[in-house]
Amino acid sequence: MFISLWEFFYGHFFRFWMKWLLRQMTGKCELQRIFDTYVGAQRTHRIENSLTYSKNKVLQKATRVVQSEVDKCVDDIMKEKNINPEKDASFKICMKMCLLQITGYKQLYLDVESVRKRPYDSDNLQHEELLMKLWNLLMPTKKLNARISKQWAEIGFQGDDPKTDFRGMGILGLINLVYFSENYTSEAHQILSRSNHPKLGYSYAIVGINLTEMAYSLLKSEALKFHLYNFVPGIPTMEHFHQFYCYLVYEFDKFWFEEEPESIMYFNLYREKFHEKIKGLLLDCNVALTLKV
């Protein structure tokens, strides 16, 4: 109750008068003061909040523009806030970068969601080729005897036909598995080998799909903002999402063996423990979680 009252008074009264007072004292608007004071994700995050909670319609709209309209939007903001480009030459550059990150994050989520909603289709030649590519990347010296085969269990699928394991994350789960196996082949082979440990083993592909869900949920909840705002100086793309997934795969394998669970039956417990660890790291405004091998 107290927090709700504070948010109401802060948003409707206190914030307005504080901004007015600071402008009189510094001669600069809130956006300019943020650029003068902060860098990295802190800067972009504060700019995003300032625009979102502004009563000015032009500023509110700025976080929702499409990327092709960012330049015009920056000009509109400068006009609205009476910012002279000759006196503050860096404002336009900084604001454009922030808006590209802010709008880019929103677009990235839409792109990821679009791929996630696309189910694996065994009648789709591209999907089938991607699945076979995964096998060949992980098992280069072993031939797959048949499309539907118990051999799929060797790389961590549950059934004879992997398509049933992609239901939750659609084709996104397969794309991520292939991306990691193709770009970090030696690490993928190492983790696959470790996943066959007699006591601490786990289903490599199934866990990989599970970690795709984790990456997706963190993106959707906006928990990846600090990471992406620090890691990507412009527009975040699917490539950056795949890179974050690779980080999760590599770190989860280390975490699993460090924790030494008694049984795979405790997977959900340790998965959630790992999830909480990652969420904690993502709260740091200076965070940039990259795979270092």
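The values are calculated or read from the model by the stated rules, or taken from the named source; none is laboratory data. Everything numeric here is computed off the predicted structure, so don't read it as measured data. With ideal geometry, Cβ positions are generated from the backbone for all residues, glycine too; neighbour counts draw on all protein chains shown. Only protein heavy atoms, including side chains, enter the accessible area calculation; ligands, DNA and RNA are left aside. Shrake-Rupley method; radii C 1.70, N 1.55, O 1.52, S 1.80 Å.
If the only charges are +1 at each Lys and Arg Cβ and -1 at each Asp and Glu Cβ, what is the size of the charge dipole of the chain around the Cα centre, to the nearest 20 debye?
1020
What percent do you get for the relative contact order of the chain when only Cα pairs under 8 Å and 6+ apart count?
18
Cβ under 14 Å from SER122's Cβ, SER122 left aside: what net charge do those residues give with Lys, Arg +1 and Asp, Glu -1?
Once all neighbours under 14 Å are counted, the net charge is -3.
Order ILE264, ILE34 by their accessible area, 1.4 angstrom probe, all chains in place, largest first.
ILE264, ILE34
Estimate the FRET efficiency between ASN56 and LEU110 by the formula 1/(1 + (r/R0)^6), using the beta-carbon distance for r and 30 Å for R0, to the nearest 0.05.
Once the sixth-power term is evaluated, E becomes 0.70.
Net charge around LEU131, counting only other residues with Cβ within less than 12 Å of its Cβ (Lys, Arg = +1; Asp, Glu = -1)?
Taking every Cβ under 12 Å from that of LEU131, the sum is -2.
What net charge do the residues around GLY159 carry, taking every other residue with its C-beta under 11 Å from that of GLY159, with Lys and Arg at +1 and Asp and Glu at -1?
Cβ neighbours under 11 Å give a net charge of -1.
Which whole-number percent gives the relative contact order of region 159-219, counting Cα pairs below 8 Å spaced six or more residues apart?
Dividing the mean separation by the residue count of region 159-219 yields 38 percent.
At most 16 other Cβ atoms within 10 Å plus a DSSP loop assignment makes a site exposed; report the longest stretch of the chain without any exposed GluC sites (Glu not before Pro).
With GluC sites (Glu not before Pro) excluded where exposed in loops, the chain gives 87-221 as its longest stretch.
Out of the trypsin sites (Lys or Arg not before Pro) in region 62-114, which ones are loop residues according to DSSP with at most 10 other C-beta atoms within 10 Å?
When the trypsin sites (Lys or Arg not before Pro) of region 62-114 are filtered for loop state and at most 10 Cβ neighbours within 10 Å, LYS87 remain.
Please list the radius of gyration and Dmax for region 121-281, considering alpha-carbon atoms only, with Å as the unit.
15.8, 46
Dipole of region 89-185, Cα-centred, from +1 at each Lys and Arg C-beta and -1 at each Asp and Glu C-beta, to the nearest 20 debye?
On the way: 13 positive and 11 negative charges, 75 e Å.
The dipole magnitude comes to about 360 debye.
Which is the longest run of the chain containing none of the chymotrypsin sites (Phe, Trp or Tyr not before Pro) found in DSSP loop states (not H, G, I, E, B) with at most 15 other C-beta atoms within 10 Å?
54-293
Farthest toward the dipole's positive end in the chain, which of SER193, PRO85, SER221, given Cβ charges of +1 (Lys, Arg) and -1 (Asp, Glu) about the Cα centre?
Farthest towards the positive pole: PRO85.
Can you classify the chain as rounded, prolate or oblate using the Cα gyration tensor, where a ≥ b ≥ c are the square roots of its eigenvalues, rounded means a/c under 1.5, and otherwise it's prolate if a/b beats b/c and oblate if not?
It is prolate, given that a/c is not under 1.5 and a/b is the larger ratio.
Is the shape of region 185-262 rounded, prolate or oblate, going by the alpha carbon gyration tensor and its root eigenvalues a ≥ b ≥ c, with a/c under 1.5 for rounded and a/b larger than b/c for prolate?
The shape class here is prolate.
Please turn the phi angles of region 208-213 into ³J(HN,Hα) values with the Karplus equation 6.51 cos²θ - 1.76 cosθ + 1.60 (θ = phi - 60°), one per residue in order, whole Hz, x for glycine and proline.
x, 5, 4, 6, 5, 4
Which aspartates and glutamates have a Cα less than 18 Å from the Cα of LYS199, not counting those fewer than 8 places away in the same chain?
GLU154, ASP253, GLU258, GLU259, GLU260, GLU262
Using 0.36 nm times the number of residues separating LYS72 and LEU125, minus their current alpha carbon distance, what extension gain do you get?
14.8 nm
Once each part is reduced to its C-alpha centroid, what is the distance from region 229-277 to region 172-226 in angstrom?
Spelled out, the Cα-based centre of one part sits 8 Å from the other.
Just report the Cα centroid separation between region 77-113 and region 28-68, whole Å.
7
Can you compute the helix-only [θ] at 222 nm over the chain? Use -39500 (n - 2.57) per DSSP H run of at least 4 residues, normalise by all residues, nearest 500 deg cm²/dmol.
Per the formula, -20000 deg cm²/dmol.
Report the trypsin sites (Lys or Arg not before Pro) located in region 239-293 that are in a DSSP loop and have at most 16 other Cβ atoms inside 10 Å of their Cβ, or state none.
LYS292
Whenever you get a sec, line up THR103, THR164 from highest to lowest accessible area (probe 1.4 Å, protein heavy atoms).
From most accessible down to least: THR164, THR103.
Accessible area per residue of the chain at 1.4 Å probe, in Å²?
Per-residue accessible area for the chain comes out at 55 Å².
For region 121-281, what's the relative contact order in percent, using C-alpha pairs closer than 8 Å and at least 6 residues apart?
Across region 121-281, relative contact order equals 20 percent.
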